[in-house]
Amino acid sequence: MVYRATSRRRGSPHKRLNADMLRKISAAMLPFYKAIATRRSFAVQWSRAVVHGNLDRMKALLCSVAPFAAKQGLGTNGIGYFISFLAHPPMLYYTNGTTIPPGTVQFTFEPRVHRAIARAVFPLYLELARNRCFASALAKAINQKDQRAVTLMIRSLIPSTALKSVQIEDHGFALLFKYPYSKYPYRNLLIQEFS
């Protein structure tokens, strides 16, 4: 079962991804990823709230470190979380989050893995937030479905061997991580959704 602050469904015509949206999401999420990466107790509390589907606790935790992100749509499926940013009113959203692929396991979200992913993706989101040229180039490559360019740009900022694949997905990107100390792969997503 998916617990969502707001319900979404896919299927409406998409809009092109743009640099401003990438920069807005990245800037909003940076304080959250920093807190996950640097504060073990915060990461443990977050994982517990995700697994128990406790949206109120997730919102409170998010608000304490990333107030703008906390004002967005928030959801969990017990194996990950999703923070949705309105891109084009009234229907189009971009969602950023991290999840174990559905069908792999239930009610599991490991703080150690989440912290490692947060450390790995932080340079990418920092570059997107600060560098308009990089954000424009990545948006253009995604819109043109240039998988090679997207992979090269993202891997240039995430050199971790735990990053197993980079994929263009739902007019955004999906990063698959697998760490040796976990049985499960995890995906960090920035994808388009519709209400």
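The values are calculated or read from the model by the stated rules, or taken from the named source; none is laboratory data. Small disclaimer: the values here were computed from a predicted structure and weren't measured. Using ideal geometry, Cβ is built from the backbone for each residue, glycine included, and neighbour counts are taken over all protein chains shown. Keep in mind that these areas ignore ligands, DNA and RNA; they rest on the heavy atoms of the full protein, side chains included. Shrake-Rupley method; radii C 1.70, N 1.55, O 1.52, S 1.80 Å.
Among the residues making up the range 161-177, a single one is open to solvent by less than 70 Å² (accessible area, probe 1.4 Å) and over 16 Å from the mean Cα position of the chain (by Cα): A162.
Among the residues making up the range 45-58, those that are open to solvent by 10 Å² or more (accessible area, probe 1.4 Å) and either over 18 Å from the mean Cα position of the chain (by Cα) or free of Cβ contacts under 8 Å to residues at least 24 places away in the same chain (or both) are Q45, R48, H52, N54, D56, R57.
L62 - would you say it is part of a helix (DSSP H, G or I), at pLDDT 95 or above and surrounded by fewer than 20 Cβ atoms within 10 Å (Cβ to Cβ)?
Taking the combined requirement at face value, the residue does not satisfy it.
In this structure, is T76 touching a His at 6+ places or on another chain (Cβ under 7 Å), surrounded by 19 or more Cβ atoms within 10 Å (Cβ to Cβ) and farther than 18 Å from K24 by Cβ? Before you say what the answer is, go through the steps one by one.
Working: touching a His at 6+ places or on another chain (Cβ under 7 Å): no; surrounded by 19 or more Cβ atoms within 10 Å (Cβ to Cβ): yes; farther than 18 Å from K24 by Cβ: yes.
It is false that T76 is touching a His at 6+ places or on another chain (Cβ under 7 Å), surrounded by 19 or more Cβ atoms within 10 Å (Cβ to Cβ) and farther than 18 Å from K24 by Cβ.
Suppose we filter the range 72-93 for residues that are under 23 Å from F109 (Cα atoms) and not in a strand (DSSP E or B); how many remain? Break it down stepwise before answering.
Going residue by residue through the range 72-93, those that are under 23 Å from F109 (Cα atoms) are 72-85.
Adding the requirement that they be not in a strand (DSSP E or B) leaves 72, 77-79.
So the answer is 4.
Residues in the range 180-192 that are open to solvent by less than 20 Å² (accessible area, probe 1.4 Å) and in contact with a strand residue (DSSP E or B) (Cβ under 9 Å, 6 or more places away or on another chain): Y186, N188, L189, L190, I191, Q192. Of the helices (runs of 4 or more DSSP H) entirely within the range 94-160, those holding at least 2 residues that are open to solvent by 60 Å² or more (accessible area, probe 1.4 Å) and touching a residue at least 24 places away in the same chain (Cβ under 8 Å) occupy 111-130.
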